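Have a look at the structure below, then the notes.
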Amino acid sequence: MSADPARRAVILAHMHDTQTFLASGKAPCDRIRDEEAAATRPRGTPQRTGRRIRPLGIEEVKALRPEGSWLLAVLLGPGDTLAPVAAWASRLAPADQRRIRVFHHPDVDLPVALGPWPEATLGAVSVDLAPNQVVLHHALGQYINERIWLDHGPGRA
C-alpha cells in the first residue's frame, strides 16, 4: 500500500470497485490461482484483503467483456501460451491492453509462452515471476493498487 496518504485513501475507498480477473491454464498455476482467490475473500469474511478477484481458466478470457475498473492477470504454467489472451487483447483499445499483467511459473519456456503476444502485434506486456501464491499475492496487490489509482485517482472517473 502506498505511503502517500492521499493515494492510500483513494485505494482504500475504491478497492471494491476494481475487478481483477486471474486466469491460468495448467497445474501448478491453477492451484496458485485458486489459493490467491481464496486469500482475498469478500468483505466480512476471515482474511479479507478487499480485493475482488475472479478466477478463470485461460481459455475463458476470450469471453470476457470487462467494464469499469478492471485488471487481467494471467498466470502461465509449463506448456501454457498467451495465444488465447493475445487473440482477446487484439480486440481491445491500446489503453485497455495495458490492463493486462502476465505472471509465470519458473518452469515456463518464456519465449514460447509469450510468443503469441508480439505475433498479434500488441504493445509491451509486463511479465513477473510468480513461483507461488505468496509472491503472486504481493506483486498482484501492487498492480491492483496501481490500477485503482489510475482509474479513481484525482481527475479520473
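The values are calculated or read from the model by the stated rules, or taken from the named source; none is laboratory data. Remember, predicted model here, so these are calculated numbers, not experimental data. No Cβ is skipped: glycine too gets one built from the backbone with ideal geometry, and neighbour counts run over all protein chains shown.
Condition (residue is within 15 Å of F21 (Cα to Cα), hydroxyl-bearing (S, T, Y) and touching a strand residue (DSSP E or B) at 6+ places or on another chain (Cβ under 7 Å)) applied to the stretch 129-149: is it met by at least one residue? Yes - at least one qualifying residue is present in the stretch 129-149. Looking only at the stretch 80-129, residues that are in a helix (DSSP H, G or I), of a type outside the set (D, E) and either modelled with pLDDT under 95 or out of contact with any Phe, Trp or Tyr (no Cβ under 7 Å at 6 or more places or on another chain) (or both) come to 17 in all. Among residues of the stretch 89-104 being without any contact (Cβ under 8 Å) to a residue 40 or more places away in the chain and within 13 Å of A23 (Cα to Cα), the one that is surrounded by the most Cβ atoms within 10 Å (Cβ to Cβ) is F103.
Suppose we keep only residues that are under 13 Å from D151 (Cβ atoms) and touching a Ser or Thr at 6+ places or on another chain (Cβ under 9 Å) within the stretch 11-38. Which one would you say is surrounded by the fewest Cβ atoms within 10 Å (Cβ to Cβ)? Don't jump to the end; show me each part of the working.
Going through the stretch 11-38, the residues under 13 Å from D151 (Cβ atoms) turn out to be 11, 13-20.
Adding the requirement that they be touching a Ser or Thr at 6+ places or on another chain (Cβ under 9 Å) leaves 11, 14-15, 17-20.
Values: I11: 22, H14: 18, M15: 18, D17: 13, T18: 22, Q19: 19, T20: 25.
So, considering only residues that are under 13 Å from D151 (Cβ atoms) and touching a Ser or Thr at 6+ places or on another chain (Cβ under 9 Å), the one surrounded by the fewest Cβ atoms within 10 Å (Cβ to Cβ) is D17.
Within the stretch 105-124, residues that are over 25 Å from A93 (Cα atoms) reach partners that are acidic (D, E) with beta carbons closer than 8 Å, at six or more positions or on different chains, in the pairs V108/D80.
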